[in-house]
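The values are calculated or read from the model by the stated rules, or taken from the named source; none is laboratory data. What you are looking at is a predicted structure, and each value in this text was computed from that prediction instead of being measured. Here the Cβ positions follow ideal geometry from the backbone for every residue, glycine too, while neighbour counts run over all protein chains shown.
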Amino acid sequence: MIKFENITKVYPMGKRELTVLKGINIDIKKGELVAIMGPSGSGKSTLLNLMGCLDKPTSGSYLLDDREVSHLSDGELANIRGKEIGFIFQTFNLLSRLTALANVELGMTYAGGVDRKKAIEALTKVGLSERIHHRPIELSGGEQQRVAIARAIVKNPSLFLADEPTGQLDSHSGEEVISILTSLHAEHGITLVLVTHDINIAKHCQRIIQLKDGEILREETL
Amino acid sequence: MKKWTNFFSTIWIGLITHKLRSFLTILGVVIGVASVITLMSIGKGSEQQILNNIQSLGSNLITIRPGASIGFGGIRGGFGGTRTLTTEDADAIAQLPDVTAVSPTNSSSLQLIVGNQNTNAQVNGVNAEYFGINNLTVASGVLFSDTEYQSGAEVAVLGSNVATTLFPNNANPIGQQMRMGMNIVQVTGVLQSKGASFGSADDAIFIPLTTMEQTVAVQRTAQGGHVTGSISLTVSDSSQTQNVIDAVTNLLRNRHLLSASAASDFNIQSVEEIAATLTQTIGTLTLLLGAIAAISLLVGGIGVMNIMLVSVLERTREIGIRKALGARQRDIWSQFLFEASLLTFAGGIIGVFVGWAVSYIVSKVGTFHTLVTADVVFLAVGVSIAIGIFFGFYPAWNASRLNPIEALRSE
């Protein structure tokens, strides 16, 4: 599914350069549930952004579904994001002026077209069938993150990427969100890469990749 | 289809969630378009009104006035400052080909008295052909005849305003005696109102020129001719206007014994010429008014650009989210561009209605005549859409080029 070969990422910082990733090799198979851990500034988010085609690596090769994507144009990357990748963010990133349903439909807008029935199905799957016409401000944090999950699953992507999905939730809502993600994995065999600080959440995964200073410190399979 | 409804609902939600801001954004465009419509309607209305007035004078009309025409150097007499035209000139002109009617005219301002009513009006001494030349017809009574002209009968035809002033309460003026200066004349007819503003016949009375020569002192030229104020004539066909002007010029120069190098001591103007000059002047004025209004439209456009830039800044996170969800540059670009042009289009439509209303009010309460023409409306709406596209382009382009990661990180 994901094959990183010697991926580096360097950000220009004025005159100096900031090397965030120093030659990463990762191989993630279809249907795998992988956690990426590491201290702040270790390059977790950058790694996830590269996986999600939000950014291009400075060097190295990235095969997504056996297709080299590290040199694609912005438009082609946008296409891949729209059709292949479902993002779940720490801060949910819902549009506050849209209802839950409209937010889910927004996920389909750039992925081939809106289908209201599918959007309602997705919201039902995350247990929000009663709240489809609520705006984010009228929903709890856990509910907002479930809307974001519905927005990701509605277009049936091959890869889910979650950046600290429970980072802003209380432990109860956090567990709810994780149980939804693990059950999606169990039922539909989705591929999920998730970045977290929390070892209890990482333990739900099949493999944990530890990052430090832009390098893989160790990998452990649970 | 579905894609389009979705596209428009995206934009619509963007606009209505910021109702006040959207309104303020388009206010500049509304005012700009409304002022273009109003000012152009005033210009076009005045143009039409003046053309109508001229048409009511008769389009085949040529007027000859004494005085030098425009020349270079030397001493130049003013219009009407000299008295060089005579009734004999008029008789000679009548013999020219293509001239259908000629009337010399002498004017004097006299006090008119009927019973306890009185007014001061312009008294025109004319011949019987004058009425035909100037498209004047009677509303009641009759015009004076050629016989009455020849005999110098003491009769008068009143302009409609003069008649209502001297004969209030719908009294019938026909056959009544009227004091005109030191003389008594009998009213034979009242003219149809013309409403024209060029030395309107409504505020004057008309008597035979021969009668006038008997009652008001007449100047004589050195050759013994009867001096007249002006001569008006009509041409059989307006295509012959220039030929007749040339013929009249030659004739008068010969009669006035002017040497080849001397400037003419008279001035000839056709109504067509006057109309052309006035139309051109008003056209220039209308264009100037339109240009001033267009500046306010431009200012409105800059306002749109300002707000769109703020809007892009404020919605950076939204743009990041959309990009993460797969929006390409052109999706973001077209969203903001359509938003801007939809705003200005709405502003243009509202502006047309406001401008229309204002020009209607102006024509009702003001002295201006207004005319809203379709071309101005389409132009104004078209320009307002173009302003949206033009001034929305840069903000939209800015939005589309945002880096998705940085956009998502913004608050």
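Here are some notes:
- Condition check for A:T221: among the β-branched types (V, I, T), surrounded by fewer than 17 Cβ atoms within 10 Å (Cβ to Cβ) and within 24 Å of A:K22 (Cβ to Cβ): yes
- Of everything listed in (1) farther than 21 Å from A:M37 by Cα; (2) surrounded by fewer than 22 Cβ atoms within 10 Å (Cβ to Cβ); (3) within 16 Å of the chain's Cα centre (by Cα), the single unmet condition for A:H197 is (1).
- Residue within segment B:330-344 that is touching a helix residue (DSSP H, G or I) at 6+ places or on another chain (Cβ under 9 Å), of a type in the set (G, A, S) and within 14 Å of another protein chain (Cβ to nearest Cβ) present: yes
- Matching residues, segment A:112-121, being surrounded by 21 or more Cβ atoms within 10 Å (Cβ to Cβ) and either out of contact with any Leu (no Cβ under 9 Å at 6 or more places or on another chain) or at the interface with another protein chain (Cβ under 10 Å from one of its Cβ atoms) (or both): none
- Subset of segment B:258-276 [in contact (Cβ under 8 Å) with a residue 24 or more places away in the chain and part of a helix (DSSP H, G or I)]: B:V271, B:E272, B:I274, B:A275
- From the list B:T279, B:T286, the lone residue that is more than 14 Å from chain A (Cβ to nearest Cβ), touching a residue at least 40 places away in the same chain (Cβ under 8 Å) and surrounded by 20 or more Cβ atoms within 10 Å (Cβ to Cβ) is B:T286.
- Of all residues in segment A:22-55, those satisfying the criterion of being among the small types (G, A, S), away from chain B (no Cβ under 14 Å) and in contact with a helix residue (DSSP H, G or I) (Cβ under 9 Å, 6 or more places away or on another chain) are A:G31, A:A35, A:G38.
- Scanning segment B:248-257 for residues that are part of a helix (DSSP H, G or I) and surrounded by 15 or more Cβ atoms within 10 Å (Cβ to Cβ) gives B:V248, B:T249, B:L251, B:L252, B:R253, B:R255.
- Checked against the criteria, B:I245 does not count as touching a residue at least 40 places away in the same chain (Cβ under 8 Å), surrounded by 16 or more Cβ atoms within 10 Å (Cβ to Cβ) and within 14 Å of chain A (Cβ to nearest Cβ).
- Test: residue in segment B:316-337 that is farther than 22 Å from A:D74 by Cβ, in the same structural domain as B:V377 (by TED's automatic domain parsing) and out of contact with any Leu (no Cβ under 8 Å at 6 or more places or on another chain): no
- From the list A:L217, A:L184, A:L159, the one residue that fits, being touching a residue at least 60 places away in the same chain (Cβ under 8 Å) and touching a helix residue (DSSP H, G or I) at 6+ places or on another chain (Cβ under 7 Å), is A:L159.
- Those residues of segment A:137-169 which are within 18 Å of A:V195 (Cα to Cα) and acidic (D, E), in sequence order: A:D163, A:E164
- Residue match in segment A:25-41 (condition: buried (at least 21 other Cβ atoms within 10 Å of the Cβ) and not in a strand (DSSP E or B)): yes
- Filter result for B:F378 (in contact (Cβ under 8 Å) with a residue 24 or more places away in the chain, more than 13 Å from every other protein chain (Cβ to nearest Cβ) and over 30 Å from A:S45 (Cβ atoms)): no
- Taken together, the residues in segment B:365-411 that are farther than 26 Å from B:R322 by Cβ and among the polar types (S, T, N, Q) amount to 4.
- Qualifying residue in segment A:78-97 (condition: buried (at least 16 other Cβ atoms within 10 Å of the Cβ), more than 11 Å from chain B (Cβ to nearest Cβ) and of a type in the set (A, V, I, L, M)): no
- Among the residues here, A:L128 qualifies as over 22 Å from A:I36 (Cβ atoms), more than 13 Å from chain B (Cβ to nearest Cβ) and touching an Asp or Glu at 6+ places or on another chain (Cβ under 8 Å).
- Looking only at residues in segment A:98-111 that are part of a helix (DSSP H, G or I) and of a type in the set (G, A, S), the one that is farthest from the other protein chains (Cβ to nearest Cβ) is A:A100.
- Consider segment A:98-118 and keep the residues that are of a type in the set (G, A, S) and within 18 Å of B:I319 (Cβ to Cβ). The one that is nearest to the chain's Cα centre (by Cα) is A:G107.
- Meets criteria (exposed (fewer than 14 other Cβ atoms within 10 Å of the Cβ) and on the phi < 0 side of the Ramachandran plot) for A:I178: no
- First in segment B:89-116 and within 20 Å of B:H226 (Cα to Cα), second anywhere and acidic (D, E), Cβ under 7 Å, 6 or more apart: B:A101/B:E129; B:V102/B:E129; B:S103/B:E129
- Candidate set from segment A:56-77 (those that are within 30 Å of A:Q144 (Cα to Cα) and over 17 Å from the mean Cα position of the chain (by Cα)); member that is farthest from the other protein chains (Cβ to nearest Cβ): A:E76
- Number of positions in segment B:315-362 that are modelled with pLDDT under 90 and not in a helix (DSSP H, G or I): 1
- Some residue of segment A:131-153 being surrounded by 18 or more Cβ atoms within 10 Å (Cβ to Cβ), within 16 Å of the chain's Cα centre (by Cα) and within 30 Å of A:S59 (Cα to Cα): yes
- Residue under evaluation B:I321, criteria (1) away from every other protein chain (no Cβ under 14 Å); (2) over 30 Å from B:I54 (Cα atoms); (3) of a type in the set (A, V, I, L, M), criterion not met: (1)
- From the options A:H185, A:H172, residue that is in contact with a strand residue (DSSP E or B) (Cβ under 8 Å, 6 or more places away or on another chain) and at negative phi: A:H185
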